[in-house]
Amino acid sequence: MKKPVLAIGLLLFSLFIMQVSREKKWGLFHNNKLIPTSCKAVLIPLLKKTPANWNVFCEEVNLAVEVVEVSLPATSPQLKNLMYRQLANHMSFVAKKSPPDILEKVYLVRFRLSHPKMVINAVTEGKYLSKLATIDDPTHIMDHLKSTVQVKEELK
């Protein structure tokens, strides 16, 4: 080899590009599928069991559930109560269909229920949501949700 410095320079340059692409998350060397998170472990069995009007995905390490409500009537005097009941049902569904030991490790779980008249955004931690799977009494469920879930509602 006549120019070994050129070969060493190309090797060092390729190592530099690989390192930068991993840190900045660009290029051929970065693949999000190969990075394990607890959210992805919860997402795989949950996607098999969710209805068509649900959109379940991971936001970095947090789980997000977006639901377009189609079962509720467009005009109802008790729309707020019905939406909160649906929120509790959806949270219970996620808790029961997810592996509880892995769901405890998910930091935040975000729910968004959309209706033509109202939108409800709710956030809770995975450890609290996993405990919801074992509660059967409606009053205990209500008390648990009041103490662990933060809710924001928007009227349209």
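Read the figures in this text as sums done on the coordinates, not as results from a lab. What you are looking at is a predicted structure, and each value in this text was computed from that prediction instead of being measured. Neighbour counts run over all protein chains shown; Cβ positions are idealised from the backbone, glycine included.
Each peptide in 60-66, 129-135 gets a packing score, the mean of other Cβ atoms within 10 Å over its residues, and the list from highest to lowest is 129-135, 60-66.
Projecting the Cα positions of Val109, Val5, Ala122 onto the charge dipole of the chain (unit charges on Cβ atoms of Lys, Arg, Asp and Glu, taken about the Cα centre) puts Val5 furthest along the positive direction. Projected label points at Thr134 and Glu23, each 7 Å from Cα along the beta carbon direction, are separated by 4.5 nanometres. For the chain, the longest principal axis of the alpha carbon atoms and the long axis of helix 38-47 meet at an angle near 60°.
Note on the chain: with charges restricted to the Cβ of Lys and Arg (+1) and Asp and Glu (-1), its dipole about the Cα centre is near 660 debye.
Mean residue ellipticity, 222 nm, helices only, the chain: the sum of -39500 (n - 2.57) across DSSP H runs of n ≥ 4, divided by residue count and rounded to 500, is -14000 deg cm²/dmol.
Here the Gaussian network model covers the chain, with springs between Cα atoms less than 10 Å apart; of Gln86, Gln19, Gln78, Gln19 fluctuates the most. Computing Rg and Dmax of the Cα atoms in Å directly from the structure and comparing it against [x] 13.9, 40; [y] 22.2, 85; [z] 17.9, 55 singles out [y].
Each of Glu104, Glu153 was scored by other Cβ atoms within 10 Å of its Cβ. Arranged with the fewest first, they read Glu153, Glu104.
Students often get this wrong, so check it: of Lys80/Lys156; Lys40/Lys146; Lys80/Lys152; Lys97/Lys152; Lys96/Lys127, which have C-alpha atoms separated by over 22 Å?
Violating the 22 Å limit, Cα to Cα: Lys40/Lys146; Lys97/Lys152.
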